[in-house]
Amino acid sequence: MLAAVLLLPALSASAAGNIVLSTDSLPAGQVLDITVEAGENAVSCLYSVTADGEKIYAQKKGTDHFAVSYLPEKAGQYELNVTVSYKDKTKETLSAPFTVFPAADDERTIPSVYSQKDGSWIKKPYRKSTLEKAGCAIFTLSHALHRMGINGEDTMPAELAVTYKYCLIQGGTRNNMLTRNAAEKYNFLTEEDLIKDPSRIADELKRGSMFTFAIVIGHIALVDGISEDGSMVHIVDSAPTATAERIKKASMYTMDEEGHFVPFTAPEDLPDTHWFFKTSGCSGLEYWLELSYVAKRGVRLIQPSPFTLTGSGSDHPVVVTVFGTSVCTIKDSGQESTVPAKNLIWNIGADNGARVAAVVTKKTYTQIMDSAGKKAGRAEPGTVMPVISVSKDTVTVLNGTFVGNVSKKDVELIEVTDKDPLTALIALNGNTSGRAKIRARLTPSAKGKTIAQWPTGTPVAVIEDKGDWCRVEAKGLCLWVEKKNVLYDQNQ
């Protein structure tokens, strides 16, 4: 805890006041907390700051905030000046010096919550606006990236504002465009449509997903957690004053020491919250909202990738667009390629850490159910899906961005191979060109149901050789093709 510094007033009119600073020496970029101890009947303060003898900021209108904060951005010798006004129309001028020194590289830290209103974003451009005025969606994206462990220089708000400046239009950020394009670059999953199902939202949060959403009209915030009882969600808000001013028919909550949720209406009244006189706004804040309020507004998914690519120089998350037990198609920073399944580390845990896939063996589709037992989709015959867990009667799978349950009797569990894939091409009489199409069946029999017809030249991975048939994977399906129509890669 920094020691408080007490300074006497430079000039007094009607009463003897004091300025208390949290410190008289601090690095650039660190918040200075200020308390003005004024005489009785004080009604307002007017703040100004000089640096190295030059006035760099002067408040135009007084405020009734006597406990404020200031964020100096550059090194220098500073002086804070405060004019206190009293009910009897008299005024008192106070001043306090402080020193700002250059911040060392190792002193730079990523804050858990960025604040739009700390003053450092006033001149940082966001297209024709600034981050301070219009950057809530940018700050929310930065919060989400940092919580996924993505902390590069390009994830800082000022850099994101330059990269995605085209997302700002009159009236606000096109948040769907921002999230979709960031998902391509940073390899997380999202969905075009807003999610409004409370059960789905709760399930995703429990699995580590997050959501960006319009918390009130004209303002974006992040949802990144859920309470133990599932009734409240955790919010990360870069400008909670805007939320408090616009929110209707809902309360913002903080959690007390006993774990009880307590409503509040003025963010600046909460402990450890800063109110910056330079922007007349409150610092970023973490708090709680009712899940029902969030669900009604609809949220946009930000799901960390369930897969990490290894053996590529540096392990990093990638998006798997086509899953297979031998070969997978991935997107890495928007670029598509195929990789051996053995090169993917699962961030979703199948039972006992085993990497298992579920292949639908039912002749018709199998129903995918959500955690509440409601129908949530379906998987066609032959579909390959990564397995998260297995119980007595059900298998929990990942189907795109959705986690659901399928009946165990409708699928076959296949281990993901740790061997190099056997690759081949679909062929007719040894010819891989032309317009012929070869039947891919659900079972290794001429009477087996035809699920797909693959053109000659289609690349496949062979996972099983059985008599006159080969079990192969292609296009997210695991099916049987006659061996005579499978031409192995001669380099293997």
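Here are a few things to note about the model shown:
- Given +1 at the Cβ of Lys and Arg, -1 at the Cβ of Asp and Glu and no other charges, the dipole of the chain around its Cα centre is 2900 debye to the nearest 20.
- Note on the chain: dipole from Cβ charges, positive end direction compared against Thr325, Leu477, Gly313; the farthest Cα belongs to Leu477.
- Plainly put, the stretch 123-277 has a radius of gyration that is 0.95 times its Kirkwood radius, both from alpha-carbon atoms, as the Rg/Rh ratio.
- DSSP beta bridges fully contained in the chain are about 95 percent antiparallel.
- The residue among Leu145, Pro455, Ser48 whose Cα reaches farthest toward the positive pole of the charge dipole of the chain, with charges on the beta-carbon of Lys, Arg, Asp and Glu, is Pro455.
- With 0.36 nm allotted per residue and the present C-alpha distance subtracted, the Lys165-Asp332 stretch has 57.9 nm of extension available.
- Dipole orientation for the chain: of the candidates Cys167, Gly467, Ala379, Gly467 has the Cα lying most toward the positive pole (charges on Cβ; Lys, Arg +1; Asp, Glu -1).
- Relative contact order %, the stretch 190-289, counting alpha carbon pairs below 8 Å whose residues are six or more apart: 23
- R0 of 41 Å, Cβ-Cβ distance Lys55-Arg174: FRET efficiency to nearest 0.05: 0.55
- Helix-only [θ]222 nm of the chain, DSSP H runs n ≥ 4, -39500 (n - 2.57) each, per residue, nearest 500: -3000 deg cm²/dmol
- Rolling a 1.4 Å probe over the protein heavy atoms of the chain, with every protein chain left in place, gives an accessible area that is 49 percent carbon and sulfur.
- Global form of the chain, assessed from the alpha-carbon gyration tensor, a/c cut-off 1.5: prolate
- R0 of 41 Å, Cβ-Cβ distance Ile122-Met255: FRET efficiency to nearest 0.05: 0.80
- Annotation: extensible slack from Glu245 through Thr109 equals 46.0 nm (criterion: 0.36 nm per residue apart, minus Cα-Cα distance).
- Contour minus Cα-Cα distance for Glu380 and Asn429 (0.36 nm per residue): 14.7 nm
- Computed from label points 7 Å out along Cα-Cβ, the spacing between Arg297 and Asn151 is 2.9 nm.
- Per residue, the chain exposes an accessible area of 49 Å² to a 1.4 Å probe, with every protein chain left in place.
- Inter-site label distance for Asn347 and Phe66 at 7 Å from Cα along Cβ, in nm: 4.9
- Take every Cα pair under 8 Å whose residues are at least 6 apart in sequence, average their separation, divide by the length of the chain, and the relative contact order is 9 percent.
- Taken as Cα centroids, the stretch 117-158 and the stretch 50-71 sit 24 Å apart, rounded to the nearest whole angstrom.
- Each principal axis of the stretch 409-483 carries a Cα extent, and these read 37, 31, 23 Å when sorted largest first.
- Dipole magnitude for the stretch 365-492: about 600 debye, using +1 per Lys or Arg Cβ and -1 per Asp or Glu Cβ, origin at the Cα centre.
- Averaging Cα coordinates gives a centre for the stretch 393-422 and one for the stretch 338-386; these two points are 3 Å apart.
- Its Cα centre serving as origin, the stretch 254-364 has a Cβ charge dipole (Lys and Arg +1, Asp and Glu -1) of approximately 1020 debye.
- For the stretch 350-492: relative contact order, % (alpha-carbon pairs under 8 angstrom, 6 or more apart): 21
- Near Gly149, once Lys and Arg are set to +1 and Asp and Glu to -1 for all other residues with Cβ below 14 Å from its Cβ, the sum equals -1.
The values are calculated or read from the model by the stated rules, or taken from the named source; none is laboratory data. Just so you know, these numbers come straight off a predicted model, no measurement behind them. Cβ coordinates were reconstructed from backbone atoms using ideal geometry, including for glycine residues, and neighbour counts include every protein chain displayed. SASA here: full protein model, heavy atoms, side chains in, ligands and nucleic acids out. Shrake-Rupley method; radii C 1.70, N 1.55, O 1.52, S 1.80 Å.
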